[in-house]
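Participant: Dropping the structure in here first, questions after.
The values are calculated or read from the model by the stated rules, or taken from the named source; none is laboratory data. Every value quoted in this text rests on a predicted model; they were computed, and no experiment measured them. A quick note on method: Cβ atoms are made from the backbone with ideal geometry, for glycine too, and the neighbour counts reach across all protein chains shown.
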Amino acid sequence: MPSMQWTEEQLPAIHSFAKKLLVQAFAGTGKTTTLVGYATHNSSVKMLYLCYNKAVEIAAKNRFPRNVTCKTAHGLAYAVYGSQYKHKQAGNLRLTDIARTINTQDWELAKDIVSTLNAFMASKDLELLEDHFVRFQSNRTLTSVQQQYMSKALNLTRDVWEKMVDINDRSVPMTHDGYLKLYQMSQPDLSQRFGAILLDEGQDVNPVIANLVQIQTITQVTVGDRHQQLYRFRGAVDALNSPAMKDAEKHFLTQSFRFGPAVAYVANVILSFKGEKIPLQGLGQPTLVKRVLPDDLPHRTYLHRTVSGVIENALRLANQNHRMQWIGGIDSYSLRDLEDLFYFSRHMNHQVQQRKLLTDYADYDQYVVIAKATQDPEMLRSIKIIENYPDELNRPG
């Protein structure tokens, strides 16, 4: 790292002695590289680099010096709480699990319980409150009927949470966000292990992770780009501009080496509509910006927010005999789940590998009823894919 050529914007952040440091950065300006420089400059300090997912953690371990421990928030929490629930862990809460637990066929109620519990687990709050009831969050006042319904749903949600955290109760599985919430509620003190905590992509953390960082007494370094928030639909908040950052020493990275002036110009026009006053500089290789892509373009990249969106587009392209490559490999897109649902819809239960699908739903018709009653976007998208591309499901790649 001594041979690294730092920009005049990076150096003040790298050499900072601030107890709370905030680095606001644009795309391609060296956010993570600046953190590496900061850690190298303070090589005698043990640091925790807190990142969002496992892939980032693995990549970071190859970049940061030896005084830095790279972990996801879930990785920290798993060592303390998650490992206790190995026998009842699940990726998420299923509506059918909740309905079975509270003994109801009211799928809207089951959905409200799931969304309320998810909101609580993503929040910084230490107890479940009315604020976590998602359906009525936009209502200024509630009718007496709505108030009664919300009270009922909240009480049932508290019951479900108690069953989730009960190691001996298998009726409600423990999710990854569940044991992370338990860890945050314990208000852990990381000062015994680390002298500083580095938070990357601070614009995209949820309140529970932001709180984990903000309660620490050690040095806090947060970097991010407020214009690249991707996970608001999952409860993410912009920790870069939170009240907790008012007393932070602030630095800005505006020099991007990812693209040239043409892209930077277009980006600045767009960002100006968001109220951005600081200009982005494009110092990378010359780039072109076109209004329309030519029809004979040999390669195109499609981006989607959801896995089901990727699959639907892949099936559409397969129907047109296009060849394609799946970023991360096709196996990482849960295509097996969609294939199982397809077989389930055709009464070919012997072909279904995920047997839980057969125990969760009496038949495909019930799956459709629940999807429509709850307006679950992933379930509805899966139904749409099966209806629109029945012949392509076995040959998407």
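Participant: Could you look through region 268-287, keep only residues that are hydrophobic (A, V, I, L, M, F, W, C) and over 20 Å from THR34 (Cβ atoms), and pick out the one that is surrounded by the fewest Cβ atoms within 10 Å (Cβ to Cβ)?
Facilitator: Step by step, filter region 268-287, then rank; the result is PHE273.
Participant: Since GLY397 meets every condition but one in (1) farther than 29 Å from THR104 by Cα; (2) of a type in the set (Gly, Ala, Ser); (3) at pLDDT 90 or above, which condition does it not meet?
Facilitator: With respect to (1) farther than 29 Å from THR104 by Cα; (2) of a type in the set (Gly, Ala, Ser); (3) at pLDDT 90 or above, GLY397 is out only on (3).
Participant: Any idea how many residues of region 31-46 are farther than 29 Å from GLY328 by Cβ and in contact (Cβ under 8 Å) with a residue 60 or more places away in the chain?
Facilitator: Here the count works out to 4.
Participant: Inside region 191-261, counting only strands (runs of 3 or more DSSP E) that do not spill past its ends, which hold 1 or more residues that are small (Gly, Ala, Ser)?
Facilitator: On the way: elements: 196-199, 219-224, 249-253.
Result: 196-199, 219-224.
Residue by residue, here is whether (1) assigned to a helix (DSSP H, G or I); (2) surrounded by fewer than 20 Cβ atoms within 10 Å (Cβ to Cβ) holds:
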site	(1), (2)
SER43	no, yes
CYS70	no, no
ALA79	yes, yes
LYS86	yes, yes
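Participant: Would you mention how many residues in region 308-328 are surrounded by 13 or more Cβ atoms within 10 Å (Cβ to Cβ) and either assigned to a loop (DSSP other than H, G, I, E, B) or free of Cβ contacts under 8 Å to residues at least 40 places away in the same chain (or both)?
Facilitator: Number of matching residues: 5.
Residue by residue, here is whether (1) hydrophobic (A, V, I, L, M, F, W, C); (2) part of a helix (DSSP H, G or I) holds:
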| residue | (1), (2) |
| --- | --- |
| PHE342 | yes, yes |
| HIS350 | no, yes |
| LEU357 | yes, yes |
| TYR367 | no, yes |
| ILE370 | yes, yes |
| GLU378 | no, yes |
| SER382 | no, yes |
| ILE386 | yes, yes |
| PRO390 | no, no |
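Participant: Let me ask something additional. What pairs can you find where one residue is in region 169-193 and on the phi > 0 side of the Ramachandran plot and polar (S, T, N, Q), the other is surrounded by fewer than 17 Cβ atoms within 10 Å (Cβ to Cβ) and assigned to a loop (DSSP other than H, G, I, E, B), and their Cβ atoms are less than 7 Å apart, with a gap of 6+ or different chains?
Facilitator: GLN187/ILE215
Participant: Scan region 87-94 and give yes if some residue there is within 30 Å of ALA362 (Cα to Cα), among the polar types (S, T, N, Q) and without any contact (Cβ under 8 Å) to a residue 12 or more places away in the chain, otherwise no.
Facilitator: Checked against the condition, which is being within 30 Å of ALA362 (Cα to Cα), among the polar types (S, T, N, Q) and without any contact (Cβ under 8 Å) to a residue 12 or more places away in the chain, region 87-94 yields no hits at all.
Participant: Mind listing whichever residues of region 153-182 are of a type outside the set (A, V, I, L, M) and either touching a Gly at 6+ places or on another chain (Cβ under 8 Å) or not in a helix (DSSP H, G or I) (or both)?
Facilitator: The first filter runs over region 153-182 and keeps only residues of a type outside the set (A, V, I, L, M), leaving 155, 157-159, 161-163, 166, 168-171, 173, 175-179, 181.
Selection gives ASP166, ASN168, ASP169, ARG170, SER171, PRO173, THR175, HIS176, TYR179.
Participant: Sticking with this structure for a sec: Among the residues of region 45-59, write down those that are surrounded by fewer than 20 Cβ atoms within 10 Å (Cβ to Cβ) and not in a loop (DSSP other than H, G, I, E, B).
Facilitator: First, the residues of region 45-59 that are surrounded by fewer than 20 Cβ atoms within 10 Å (Cβ to Cβ): 45-46, 53-59.
The answer is LYS54, ALA55, VAL56, GLU57, ILE58, ALA59.
Participant: Then there's this: What about HIS74, is it over 21 Å from ASP166 (Cβ atoms) and not assigned by TED's automatic domain parsing to the domain that holds TYR361?
Facilitator: no
Participant: Could you check region 288-307 and list, in sequence order, the residues that are in a loop (DSSP other than H, G, I, E, B) and either crowded, with 16+ Cβ neighbours inside 10 Å or in contact with a Pro (Cβ under 8 Å, 6 or more places away or on another chain) (or both)?
Facilitator: The one that is in a loop (DSSP other than H, G, I, E, B) and either crowded, with 16+ Cβ neighbours inside 10 Å or in contact with a Pro (Cβ under 8 Å, 6 or more places away or on another chain) (or both): THR306.
Participant: Scan region 369-382 and report the pairs whose first residue is within 16 Å of ASN313 (Cβ to Cβ) and whose second residue is at pLDDT 85 or above, with Cβ atoms within less than 7 Å and a gap of 6+ or a chain change.
Facilitator: These pairs meet every condition: ARG381/GLU312; SER382/LEU338; SER382/LEU341.
Participant: How about region 187-196: which of its residues are touching a helix residue (DSSP H, G or I) at 6+ places or on another chain (Cβ under 9 Å), surrounded by fewer than 20 Cβ atoms within 10 Å (Cβ to Cβ) and not polar (S, T, N, Q)?
Facilitator: Selection gives PRO188, LEU190.
Participant: How about region 3-35: which of its residues are under 12 Å from VAL223 (Cα atoms), in a loop (DSSP other than H, G, I, E, B) and more than 21 Å from the chain's Cα centre (by Cα)?
Facilitator: The answer is THR29, GLY30.
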